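The structure appears below as structure tokens.
The values are calculated or read from the model by the stated rules, or taken from the named source; none is laboratory data. All values reported here derive from a predicted model rather than from experimental measurement. Here the Cβ positions follow ideal geometry from the backbone for every residue, glycine too, while neighbour counts run over all protein chains shown. Keep in mind that these areas ignore ligands, DNA and RNA; they rest on the heavy atoms of the full protein, side chains included. Shrake-Rupley method; radii C 1.70, N 1.55, O 1.52, S 1.80 Å.
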Amino acid sequence: MRMAMLIRFMRMLPQHVTPEMFESRVVTCVANNPKLLECTSDSLLKACAEAAELGLSLNPQLGEAWILPVWNSKLSKLEAQLRPGYIGLMKLA
């Protein structure tokens, strides 16, 4: 399963970002915000895929994007959401 996921993310990642580097950034993101572990796994994977597809770094020092836990009152669950920072928005413009 992990290998299949890596292959999918490899296709989405920019040339300069290796899958291992991206995985490391996701692990750091979760370590910095343990509340993300309470989010649905689908939403966390979706947020990671969005960051990869947009080519935004999850490195907090760069300030391009963050994955945040957000309460979904309709589903009564925490969901992970990608939130681009202003630097990330400028990069996309």
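Things to note:
- Residue among Asn59, Asn72, Asn33 with the largest mean-square fluctuation in a Gaussian network model of the chain, springs linking Cα atoms under 10 Å: Asn72
- Histogram of C-alpha separations across the range 5-59, 10 Å bin width, %: 24, 59, 17, 0
- With helices as the sole contributors, the chain gives -15000 deg cm²/dmol at 222 nm; each DSSP H run of n ≥ 4 counts as -39500 (n - 2.57), and the sum is divided by every residue.
- Derived from the Cα gyration tensor, the three semi-axes of the equivalent ellipsoid of the chain are 20, 17, 12 Å, largest first.
- Rolling a 1.4 angstrom probe over the protein heavy atoms with all chains in place gives the chain an accessible area of 66 Å² per residue.
- Normalised contact order of the chain, rounded percent, pairs of Cα under 8 Å and 6 or more residues apart: 25
- With every protein chain in place, the chain: carbon and sulfur % of accessible area (1.4 Å): 61
- Kyte-Doolittle at least -0.5, axis length at least 18 Å by Cα - qualifying DSSP helices, the chain: 19-32, 41-54
- Dipole of the chain, positive direction: furthest Cα of Leu58, Val70, Leu89, with charges on the beta-carbon: Val70
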